[in-house]
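In what follows, a structure is listed as structure tokens, so that the remarks can point back to it.
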Amino acid sequence: MEYIALKHSHMLLALVSVLLFYTRAFARIKQLKLAKNKLLFIGSHSVDTLLLISAVALAVMLGLSPHNQPWLLEKILLVVAYIVVGI
């Protein structure tokens, strides 16, 4: 039961993270006041942190290792790329 709740939380956090990423990107491109909104900035980073924590918790719960699961290594590399693009 814990696995299902964590899985769904992770998926919801992923969706919210992407929506906030595009919202911030659009606001910066259009030079809107929203781009400098501190609450949006903190919220976005908080969601990303929770997303990462839930991903690690899921991997540990399922006993997954990036060395044995190539798709997990790819996801980790994509998260790093996401962070770099966000900066």
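The values are calculated or read from the model by the stated rules, or taken from the named source; none is laboratory data. These figures come from a predicted structure and were not determined experimentally. Cβ placement follows ideal geometry from the backbone for every residue including glycine, while neighbour counts extend to all protein chains displayed. The protein model used for the area step is the full one, side chains on, heavy atoms only, and it has no ligands, DNA or RNA in it. Shrake-Rupley method; radii C 1.70, N 1.55, O 1.52, S 1.80 Å.
Results for (1) modelled with pLDDT under 95; (2) among the basic types (K, R); (3) more than 21 Å from S54 (Cβ to Cβ), shown as yes or no for each residue.
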residue	(1), (2), (3)
I4	yes, no, no
S9	no, no, no
V16	no, no, no
Y22	yes, no, no
F26	yes, no, yes
K36	yes, yes, yes
L39	yes, no, yes
Please specify each residue of segment 1-25 satisfying the condition of being among the aromatic types (F, W, Y) and under 21 Å from L78 (Cα atoms).
F21, Y22
Has segment 65-85 got any residue that is open to solvent by 70 Å² or more (accessible area, probe 1.4 Å), part of a helix (DSSP H, G or I) and charged (D, E, K, R)?
yes
Only one of I4, I42, I76 that is among the β-branched types (V, I, T) and within 13 Å of the chain's Cα centre (by Cα):
I76
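Determine if segment 54-61 includes at least one residue that is within 17 Å of L19 (Cβ to Cβ), open to solvent by less than 90 Å² (accessible area, probe 1.4 Å) and not aromatic (F, W, Y). Before you say what the answer is, go through the steps one by one.
Narrowing segment 54-61 to residues within 17 Å of L19 (Cβ to Cβ): 54.
If we keep only those that are open to solvent by less than 90 Å² (accessible area, probe 1.4 Å) as well, we get 54.
Then keep just the ones that are not aromatic (F, W, Y); that gives 54.
Yes, because at least one residue in segment 54-61 is within 17 Å of L19 (Cβ to Cβ), open to solvent by less than 90 Å² (accessible area, probe 1.4 Å) and not aromatic (F, W, Y).
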Determine the pairs where a residue that is among the β-branched types (V, I, T), located within segment 15-32, has a partner that is open to solvent by 100 Å² or more (accessible area, probe 1.4 Å) with Cβ atoms under 8 Å apart, the partner being 6 or more residues away or on another chain.
none
